[in-house]
Amino acid sequence: MKQKVIEMILKMDLKSIETQLALQCAPFLTGLKVSNLLAIPADMENTAMDMLKNTGISFFRMIKTDKKVVILLFRRKQLESYLYRKDVKEILKSEGYVELQIGYVLYMFSKRYQDYICGNGKFPHEIGLILGYPAEDVKGFIDNNGRNFLYTGYWKVYKDVDNKIKLFEKFKTAEELLIRLLSSGMDMEYIIKACSTGKFQSCVYSI
């Protein structure tokens, strides 16, 4: 991240939902990913939900404690399309998912995720699929127990390194773009709706 952008972040309210959406979910909000986890203080959940109303973004609470809530943000049609891909379905089935409807998948994953966070279960490796990571990298991670990766960025890469590096650069550009827009005084609700119409695509996809 460029130094100038880092300086912008340091001047921002890191506790605000707008800042956290930009820092955690920029690749998703700009259309580069089909989903993203958002981890925020528990008392900010309603604020986040109000901000996402009427934006076309769906959300599913993964876990909530007295202090923190983790929410999956996703675009339903895009995530469904991804989860129904043959290579993705094969991995989900191998991980014990007997149904592949999105509601069932998210419900089962949230239970496994909660068990893991609470120390009552193993790490749910299918989290990469829930987050829309390339299936070949999720499978590579599972088969290699997280070792022997060729590159690591937003996730561990096992195939097609050059294109993944280019994609990660787009992710960084998306993060910097949203920080710049927020710093300029633009409203996050407007940014989200503008992203959904492709208003900023040329800024991110041109890399």
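The residue that is modelled with the highest pLDDT, counting only those in the stretch 170-198 that are in a helix (DSSP H, G or I) and open to solvent by 80 Å² or more (accessible area, probe 1.4 Å), is Lys172.
Just one of (1) closer than 22 Å to Arg112 by Cα; (2) in contact with a helix residue (DSSP H, G or I) (Cβ under 8 Å, 6 or more places away or on another chain) fails for Pro41. It is (2). When the stretch 64-86 is limited to residues that are among the hydroxyl-bearing types (Ser, Thr, Tyr) and farther than 23 Å from Leu29 by Cβ, the one that is surrounded by the most Cβ atoms within 10 Å (Cβ to Cβ) turns out to be Tyr84.
Where helices (runs of 4 or more DSSP H) fall wholly inside the stretch 87-161, the ranges with 2 or more residues that are open to solvent by 60 Å² or more (accessible area, probe 1.4 Å) and closer than 21 Å to Lys33 by Cα are 135-143. In the stretch 23-37, of all residues being of a type outside the set (A, V, I, L, M) and in a loop (DSSP other than H, G, I, E, B), the one that is least open to solvent (accessible area, probe 1.4 Å) corresponds to Thr30.
The values are calculated or read from the model by the stated rules, or taken from the named source; none is laboratory data. Bear in mind the structure is a predicted one, so any value in this text is a computation, not a measurement. Note that we place each Cβ from the backbone using ideal geometry, even for glycine, and neighbour counts take in every protein chain shown. All accessible areas refer to the heavy atoms of the entire protein, side chains included, with ligands and DNA or RNA removed. Shrake-Rupley method; radii C 1.70, N 1.55, O 1.52, S 1.80 Å.
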